[in-house]
1. Which residue out of 66, 17, 58 is in contact with a Lys or Arg (Cβ under 9 Å, 6 or more places away or on another chain) and not charged (D, E, K, R)?
2. Quick one: which of 97, 48 is within 27 Å of residue 160 (Cα to Cα) and either of a type outside the set (Phe, Trp, Tyr) or assigned to a helix (DSSP H, G or I) (or both)?
3. Just one of 202, 224, 197, 182 is among the aliphatic types (A, V, I, L, M) and at pLDDT below 95; which is it?
4. Can you find even one residue in the range 101-113 that is part of a helix (DSSP H, G or I) and crowded, with 20+ Cβ neighbours inside 10 Å?
5. I'd like the full set of residues that are within 19 Å of residue 308 (Cβ to Cβ), surrounded by fewer than 18 Cβ atoms within 10 Å (Cβ to Cβ) and in contact with a helix residue (DSSP H, G or I) (Cβ under 9 Å, 6 or more places away or on another chain), limited to the range 226-248.
6. Name the residue, out of 28, 14, that is among the polar types (S, T, N, Q), part of a strand (DSSP E or B), within 22 Å of the chain's Cα centre (by Cα) and modelled with pLDDT of 95 or more.
7. Here is a check on your reading of the model: is residue 215 surrounded by fewer than 23 Cβ atoms within 10 Å (Cβ to Cβ), touching a strand residue (DSSP E or B) at 6+ places or on another chain (Cβ under 7 Å), among the polar types (S, T, N, Q) and closer than 21 Å to residue 304 by Cα?
8. Please indicate, with yes or no, whether at least one residue in the range 77-85 is touching a strand residue (DSSP E or B) at 6+ places or on another chain (Cβ under 9 Å), part of a loop (DSSP other than H, G, I, E, B) and crowded, with 23+ Cβ neighbours inside 10 Å.
Amino acid sequence: MKVFITGVAGFIGSNLTGCLLKNGISVSGIDNFSYGNLRNIKPFLNHKNFNFINGNLTDARLIKNTKADVFVHLASQKIPRYSTGLRTLDENYCMTKNVITKCLKDKSKLVFASTSDVYGKNQHVPFSEESDLVLGNPQIKRWYYASSKIYGEQLIVAHHEEHGLNYSIARFFGAYGPKQNLTWWGGPQSVFIANALLRKPLEIHGNGLQTRTFTYIDDTISALMNLVTDKKANGETFNIAGNPADEITILDLAKKIWKGVNENSKPKIKFIPYSTFGNYEDVMRRVPDISKLKRFFNFKPRFTLDQGLNKTIEWQKGCEKNE
């Protein structure tokens, strides 16, 4: 079996690569290091079953001569807090279209990385794969990313209906752990850990009462492997998530991380108004329903939030020392 990963040097891409190679599966991938890091794939560069392309997936010529049974499309522009909505929409469409075209030409399966952000402002939690996707005012900056992923999902389903594209869709909920991006691109936990290590204030957007459900990377990869290797996943969409019972406010997450790094000191918290990001709003609750993943693959998260954070803090301590 051969797998091609877009965004291979990123957080999920590099962890998936390690898992696939351990299971004897050949991996090729592309990355332009916008959000990925060379250190993430350095252990694989001399592996006989790994091949790397340094470049931007918006250029379809770069993947013209690749061959794979499965394309895992992880490369993406994200919520444009610090970039532009136009770039998010344009690049996410272009990259997804290039991968779809390639998969149709080669009769490869496509595993598409979507996001829990597609559930948007739906107030009925937990979110199942059949839940309504409820976005806010199109003038609000944050919805560019969710819109691009919803469009990506529909583009894939439409190509399945019209041209027989084989696919699975993964809606990720807050993956974190070793190899995560150390900036806001990696999620709040990345920056909280970095600041806690320096005893700097943990910056919280809004009032911190918004909740999230985080997923330790080993559980993310365990679930994702089913979509890559198991035919039961064909034509299906799955929430890739941790335990719904681990839902936590961002404020409590910050306090938990501070205590995990600086056990006996009072947390330093700094609240950042959403107005700082321009026309922006947040989602107040995000809780997954993972019953479909359990039903199809007998999946069960192995790591609690506390266990995952402890492992992540230890990894990031070593990482910060080597920066």
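The values are calculated or read from the model by the stated rules, or taken from the named source; none is laboratory data. Since the model is a prediction, treat every value here as computed from it, not as a measurement. Glycine also receives a Cβ, built like all others from the backbone with ideal geometry; neighbour counts cover every protein chain displayed.
1. Answer to the selection: 66.
2. Checking each option against the conditions leaves just 97.
3. 182
4. Among the residues of the range 101-113, at least one is part of a helix (DSSP H, G or I) and crowded, with 20+ Cβ neighbours inside 10 Å, which makes the answer yes.
5. 248
6. Criteria check complete, one pass: 28.
7. It is false that residue 215 is surrounded by fewer than 23 Cβ atoms within 10 Å (Cβ to Cβ), touching a strand residue (DSSP E or B) at 6+ places or on another chain (Cβ under 7 Å), among the polar types (S, T, N, Q) and closer than 21 Å to residue 304 by Cα.
8. Among the residues of the range 77-85, not one is touching a strand residue (DSSP E or B) at 6+ places or on another chain (Cβ under 9 Å), part of a loop (DSSP other than H, G, I, E, B) and crowded, with 23+ Cβ neighbours inside 10 Å, which makes the answer no.
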